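Visitor: Here it is, the structure in full.
The values are calculated or read from the model by the stated rules, or taken from the named source; none is laboratory data. In this text the structure is predicted, and so the values were computed from the model without any measurement. Because the Cβ atoms are built from the backbone with ideal geometry, glycine has one as well, and the counts that use them run over all protein chains shown.
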Amino acid sequence: MPCIAKVAVNDATIHFDKLYSYLVPPDFSESLWPGSIVLVPFGRGNHPRMAVVLEVGAEEAPDPRLKSLLAAAPEKARLTPDLLELVHFLKDRYFCTWYEAVKAVIPYGAQYQPGMENGKPVLKSRLTRTLETVYALVGELPEKPKPGARQIQAVEALRAGPCTKSALEAQGISSSTLNGLCQKGILKTEQRDKSLDLFADIPFDPQPLELSPEQQTAYDQLEQDLLSGQTRAALLHGVTGSGKTAVFLKLIEKTLAQGRRALVLVPEISLTPQMTRRLKSMFGSRLAVQHSALNNTERLLQWRMIQNGDADIVIGTRSAIFSPLQNIGLIILDEEQEHTYQSESAPRYSAHDVAKKRAMMEHSLLLFSSATPRTETYHAAISSRMRLVTLTHRYGGRPLPTVDFIDMRAELAAGNPREVSQRMVQELAANLQRGEQSILLLNRRGYQTVGMCGTCGHVLKCPNCSVPLVYHKAQHALLCHYCGHRVSPVPGLCPECGGKIVYSGFGTQKVEEELAELLPGTRILRMDQDSTMQKNAHEKMLARFAKQEYDILLGTQMVAKGLDFGNVTLVGVLGIDSLLFGQGFRSYENVFSLITQVVGRGGRAELPGRALIQTAVPDHPVLQLAAAQDYPAFYQQEIMFRKFSLYPPFCSFCVVSFSGAQEMEVFQAARRFAAILGQQFATHPGQPLRVLGPTPMNIAMISGKYRYKLTLKCRNDAGFRTLMHAALDAYAAEKLPAKAGIALDFNSDGD
Ligand code: ADP
Ligand code: ZN
């Protein structure tokens, strides 16, 4: 009987992502499974396209017009059953295409792409340079002719075991020496996966970890869940500096002792070095990392190490949730409130939900950890849908930093034109004198944000996106933060009226300059997206700050979280007000969390800490609560707001966005989709749905495409998803003049 594979192809759209049937040539039929990656002829032109097999089976009388598969990737490229299950989960939950889900769960380096060989379409591995040559001793040097010193050295070096070419070269042994020895049959070579020990410099140096009584109580409760062997979820809510890390290090230890494995997620690349250091020194080298600052080869090799079962602990950022780790006993989401746990491109998944899914698949303990949990998470915890464990004190009885406000209205009235207030400068100077360090947070990168004409008020905007261009001093250019558009040299005159352009607003680079002027000789370390482009930049910078080579660490939100430096006693917050008046329903939560987190960076060791917040609205209730570091009080306010205005956790919030080149068509498509949705839901009156819009998105155009949105408040259950899928199918079947691209986002906070 002929064998048929049903596949989903690359580059589909969410409203046109069907399974296509192909005939499987006999020589593949043994090696094709659901999850296999294949190449198929697609469309009228039969162009080769990547696809994933979702079903295979024999069929009595298949359609004679079926085409045959062109090629199949090797067995090792196949999605494991676990990863395939996650692909199904992503597809169902987030309305992405099958192949988008495939690309999310497999790192770039492990993916295949179409290629040509001898005029035939084939699959090619994206990465090939992952092998290295290893030499092994298989014979002995003859006494005559007398061997050279290098030859003897090489043989001696290999007595203890095989060695890589690069390691031998590092000892001064050249490849010609090695080749000569191979020819004589004394050495042999082998190609192996490069084994990169990314953290060779971190010593394995386990120190006994003694929990404080409060930490111990927290641990004991979580240990019960861990040992239950059942799926459990818990929230570890502890004030900054309470030692949440200590608690989960102990949990990891227990997990490993049980013969199971642990997956640790952190929200930012900047936090991986610190966590890796702690984990490696405590647990040794069966540790793998997965994050986007690794190059593709490193990432692939670490991934293979996990796949081969050679890692017991995986640490990484969001996408590490897809690591092919088996037998997972514990999954930790550290700083779980961070929005970086949500993907902003398809598949628009939330690491929280994927973690829940994996915890269910593996019967693991899923632990969320934060000083300022998301409102939804805390709500779930206090309504006993997960265990709540609290740490109310800082480790060692240290006090939380004192918090004070600097009223920027008064600064302005007193005639200070700068962004850094006089009081802030004085306090920084005082710290400098005492040899203590400071952290300054300004959540805006760049220099002077925007250019505006002093005569006609025209703002210099990106031609492709409806956002102002941002001046970047180092590049002497205006840059668009959305599409990368670049204008250089920087215009001095208005293109509209010829008036003079005034650059105003401020970012990290501007503040760096102001500080250098105000506090000459101060060693300032600026950390933002621009200063951390180079490999390992975060790690190097933070290590130098830890060694006190700098006095002030100035940066965007990447300096606000998770860092632990004993000598930091002053934390300053600049420019927080714009976040406070942001649009999304999470803006208060974000501000509360950001301030609490950054304030918590101070006074973590012997020296007490203090924090200063510059604002024009010092009486704002959210700032007051953040200053008091009173999470429960903040939560009470926030949950009332969410309840009365109907926001999560009381509903699911989904933004359906439409984009295309013609504004009117995009708008019409959105309106038509709303109508289709209405018809679908009318057949199921029990399924709640509110639709708002269409309205232009906050950024109405990106990269030349107009953007409209519908905002849905719904209950995101199986019933909802069935109706939504039906609506997407109906939309696909419509004869609209031009179809707008459509995307669903359950992570948006209203944009
Ligand atoms: P959190 O993550 O809750 O903000 P950390 O885990 O970073 O707090 O702990 C704060 C500081 O206290 C760190 O310097 C940490 O090393 C120290 N600390 C916490 N618990 C312990 C413990 N049980 N033993 C030794 N040091 C601890
Ligand atoms: Zn742009």
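Visitor: Within region 283-340, which residues are charged (D, E, K, R) and under 21 Å from residue 109 (Cα atoms)?
Guide: Applying the first criterion (charged (D, E, K, R)) to region 283-340 yields 286, 298-299, 304, 310, 312, 318, 334-336, 338.
Of everything in region 283-340, those that are charged (D, E, K, R) and under 21 Å from residue 109 (Cα atoms) turn out to be 298, 299, 304, 310, 318.
Visitor: Residues to consider are 424, 360, 386; find the one that is in contact (Cβ under 8 Å) with a residue 40 or more places away in the chain and surrounded by fewer than 18 Cβ atoms within 10 Å (Cβ to Cβ). Steps first, please.
Guide: Values: 424 fails: surrounded by fewer than 18 Cβ atoms within 10 Å (Cβ to Cβ); 386 fails: surrounded by fewer than 18 Cβ atoms within 10 Å (Cβ to Cβ).
Of the residues listed, the single one that is in contact (Cβ under 8 Å) with a residue 40 or more places away in the chain and surrounded by fewer than 18 Cβ atoms within 10 Å (Cβ to Cβ) is 360.
Residue-wise test of (1) out of contact with any strand residue (DSSP E or B) (no Cβ under 9 Å at 6 or more places or on another chain); (2) closer than 30 Å to residue 461 by Cβ.
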{"site": "643", "(1), (2)": "yes, no"}
{"site": "646", "(1), (2)": "no, no"}
{"site": "657", "(1), (2)": "no, yes"}
{"site": "674", "(1), (2)": "no, yes"}
{"site": "687", "(1), (2)": "no, no"}
{"site": "701", "(1), (2)": "no, yes"}
{"site": "715", "(1), (2)": "no, no"}
{"site": "721", "(1), (2)": "yes, no"}
{"site": "733", "(1), (2)": "yes, no"}
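Visitor: Is it the case, given these coordinates, that residue 690 is within 16 Å of ligand 1 (Cβ to nearest atom) and among the basic types (Lys, Arg)? Spell out the reasoning first.
Guide: Numbers: within 16 Å of ligand 1 (Cβ to nearest atom): no; among the basic types (Lys, Arg): yes.
Taking the combined requirement at face value, the residue does not satisfy it.
Visitor: Of all residues in region 559-587, how many are crowded, with 21+ Cβ neighbours inside 10 Å, away from ligand 1 (no atom under 16 Å from the Cβ) and under 18 Å from residue 529 (Cβ atoms)?
Guide: The qualifying residues number 1.
Visitor: Scan region 274-288 and give yes if some residue there is among the hydrophobic types (A, V, I, L, M, F, W, C) and either within 16 Å of ligand 2 (Cβ to nearest atom) or within 22 Å of residue 544 (Cα to Cα) (or both), otherwise no.
Guide: Yes; the residues of region 274-288 include at least one that is among the hydrophobic types (A, V, I, L, M, F, W, C) and either within 16 Å of ligand 2 (Cβ to nearest atom) or within 22 Å of residue 544 (Cα to Cα) (or both).
Visitor: Hey, another quick one. Filter region 25-69 for residues that are assigned to a loop (DSSP other than H, G, I, E, B) and in contact with a helix residue (DSSP H, G or I) (Cβ under 7 Å, 6 or more places away or on another chain) and give the result. It would help to see each step written out before you state the result.
Guide: Of all residues in region 25-69, those assigned to a loop (DSSP other than H, G, I, E, B) come to 25, 29-36, 43-46, 59-67, 69.
Of everything in region 25-69, those that are assigned to a loop (DSSP other than H, G, I, E, B) and in contact with a helix residue (DSSP H, G or I) (Cβ under 7 Å, 6 or more places away or on another chain) turn out to be 31, 34, 35, 69.
Visitor: For residue 377, which of the numbered conditions (1) in a strand (DSSP E or B); (2) farther than 21 Å from residue 557 by Cα; (3) among the hydroxyl-bearing types (Ser, Thr, Tyr) fails to hold?
Guide: (1)
Visitor: If I ask for residues that are out of contact with any Phe, Trp or Tyr (no Cβ under 6 Å at 6 or more places or on another chain) and small (Gly, Ala, Ser), which ones from region 469-519 would you list?
Guide: If the condition is that a residue be out of contact with any Phe, Trp or Tyr (no Cβ under 6 Å at 6 or more places or on another chain) and small (Gly, Ala, Ser), then 474, 477, 484, 488, 492, 498, 499, 504, 505, 516 are the ones that fit.
Visitor: Scan region 470-480 and tell me whether some residue there is among the basic types (Lys, Arg), under 29 Å from the mean Cα position of the chain (by Cα) and more than 16 Å from ligand 2 (Cβ to nearest atom).
Guide: Yes: region 470-480 contains one or more residues that are among the basic types (Lys, Arg), under 29 Å from the mean Cα position of the chain (by Cα) and more than 16 Å from ligand 2 (Cβ to nearest atom).
Visitor: Follow-up question, since we're still on this one. For region 428-467: of the residues being in contact (Cβ under 8 Å) with a residue 12 or more places away in the chain and of a type in the set (Val, Ile, Thr), which is surrounded by the fewest Cβ atoms within 10 Å (Cβ to Cβ)?
Guide: Among those that are in contact (Cβ under 8 Å) with a residue 12 or more places away in the chain and of a type in the set (Val, Ile, Thr), it is 455.
Here is a yes/no grid of residues against (1) modelled with pLDDT of 90 or more; (2) closer than 20 Å to residue 353 by Cα:
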{"position": "63", "(1), (2)": "no, no"}
{"position": "66", "(1), (2)": "yes, no"}
{"position": "81", "(1), (2)": "yes, yes"}
{"position": "85", "(1), (2)": "yes, yes"}
{"position": "93", "(1), (2)": "yes, yes"}
{"position": "97", "(1), (2)": "yes, yes"}
{"position": "105", "(1), (2)": "yes, yes"}
{"position": "108", "(1), (2)": "no, no"}
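Visitor: Could you look through region 1-14, keep only residues that are in a loop (DSSP other than H, G, I, E, B) and touching an Asp or Glu at 6+ places or on another chain (Cβ under 7 Å), and pick out the one that is surrounded by the most Cβ atoms within 10 Å (Cβ to Cβ)?
Guide: As a first pass, look at region 1-14 and keep what is in a loop (DSSP other than H, G, I, E, B): 1-2, 10-12, 14.
Filter again for touching an Asp or Glu at 6+ places or on another chain (Cβ under 7 Å), leaving 1-2.
Details: 1: 9, 2: 14.
It comes out as 2.
One line per residue, one yes/no per condition, for (1) within 16 Å of ligand 1 (Cβ to nearest atom); (2) under 30 Å from residue 144 (Cα atoms); (3) among the small types (Gly, Ala, Ser); (4) touching a residue at least 12 places away in the same chain (Cβ under 8 Å):
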| residue | (1), (2), (3), (4) |
| --- | --- |
| 183 | no, yes, no, no |
| 191 | no, no, no, yes |
| 207 | yes, no, no, yes |
| 220 | yes, no, no, no |
| 225 | no, no, no, yes |
| 234 | yes, no, yes, yes |
| 252 | yes, no, no, yes |
| 258 | no, no, no, yes |
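Visitor: Mind telling me which of the residues 689, 712, 723, 744 ends up being over 29 Å from residue 482 (Cα atoms) and touching a Cys at 6+ places or on another chain (Cβ under 8 Å)? Before the answer, list the steps.
Guide: Numbers: 712 fails: over 29 Å from residue 482 (Cα atoms); 723 fails: touching a Cys at 6+ places or on another chain (Cβ under 8 Å); 744 fails: over 29 Å from residue 482 (Cα atoms).
Of the residues listed, the single one that is over 29 Å from residue 482 (Cα atoms) and touching a Cys at 6+ places or on another chain (Cβ under 8 Å) is 689.
Visitor: Is region 701-722 home to any residue that is in a helix (DSSP H, G or I), free of Cβ contacts under 8 Å to residues at least 12 places away in the same chain and of a type in the set (S, T, N, Q)?
Guide: If we filter region 701-722 for residues that are in a helix (DSSP H, G or I), which is where we start, we get 718-722.
Filter once more, keeping what is free of Cβ contacts under 8 Å to residues at least 12 places away in the same chain: 718, 722.
Now restrict to residues that are of a type in the set (S, T, N, Q): 722.
The answer is yes; a qualifying residue exists.
Visitor: Next question, about the same structure. Would you say residue 531 is farther than 30 Å from residue 707 by Cβ, not in a strand (DSSP E or B) and not assigned by TED's automatic domain parsing to the domain that holds residue 269?
Guide: Yes: the conditions hold for residue 531.
Visitor: Mind listing whichever residues of region 292-350 are among the aliphatic types (A, V, I, L, M) and assigned to a loop (DSSP other than H, G, I, E, B)?
Guide: Hits for region 292-350 are 293, 294, 311, 325, 346.
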